[in-house]
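What follows is a set of notes on a single structure, which appears directly below.
Read-outs throughout are calculated quantities, based only on the coordinates presented, and are distinct from any laboratory measurement. Bear in mind the structure is a predicted one, so any value in this text is a computation, not a measurement. Cβ placement follows ideal geometry from the backbone for every residue including glycine, while neighbour counts extend to all protein chains displayed.
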Amino acid sequence: MRTIRHSGPMTRFVGTPTQLRSHASQVVYIARQETLASDWEQLKPLLRLPPDAKLPAGGARAHRRDPSLDTTLDPLATAALRSWYRRDYLLLRYCDALRAWNAWGAGLPPDGIGRLRHELERVRALPAFVPFRFWIRRGLGVG
C-alpha cells in the first residue's frame, strides 16, 4: 500500500479531525462521491459557476470504472483496507457530521413538519463540536 501513491490516507492531505475542526471556518463545502450530483447543485453557486455547468459525463471523462468488472474483496482484504484507512474513517465520520450540521448534500430545508426531521438530522451532527478525544471514549469513531 505504501508504494501506491494515490492510495495514501486523506489525513495526509486534510489532517486529522482535530486539525480540520480548528480550520472549519475555512471549509466551504464537503462533498461525497455517493451524493455528487446533488452536492454539485449546492456547490455551483458557492463557486460562482453558471447554473448550467455540468459534471463530466461518460466513462473516461467522468473517471468511472467499467461496471462489469468484479470488484469484490475477500474478508481478509477488506480487513486490511479498514486497518490501513482507519484514521480516514474517523475523518470521514467527522466530515459527515459537518455535512449534516451545515445541511450540505441535503438540498434546501423543507417547510412544515418536514423541517422537524431536517433539524433532528442536524442534531445528530453535534459530535462535530465535541473535541475529538471524546469521540474515541464515547465510541463515536469508526462506525
>> Taking loop as defined by DSSP and a crowding limit of 14 other beta carbons within 10 Å, which chymotrypsin sites (Phe, Trp or Tyr not before Pro) in the range 4-48 fit?
In response: Tyr29
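Once R0 is set to 30 Å, what does the formula 1/(1 + (r/R0)^6) return for the Cβ-Cβ distance between Arg12 and Thr72, expressed as a FRET efficiency to the nearest 0.05? Write out the running numbers ahead of the final one.
Values: r = 28 Å, r/R0 = 0.92.
Given R0 = 30 Å and the Cβ-Cβ separation, E is 0.65.
Between the DSSP loop rule and a limit of at most 13 other Cβ atoms within 10 Å, which trypsin sites (Lys or Arg not before Pro) in the range 14-108 are left? Don't skip to the answer; put the middle values down first.
On the way: sites: Arg21, Arg32, Arg48, Lys54, Arg61, Arg64, Arg65, Arg82, Arg86, Arg87, Arg93, Arg99; in loops: Arg32, Arg48, Lys54, Arg61, Arg64, Arg65.
Within the range 14-108, the qualifying trypsin sites (Lys or Arg not before Pro) (loop, at most 13 other Cβ atoms within 10 Å) are Arg48, Lys54, Arg61, Arg64, Arg65.
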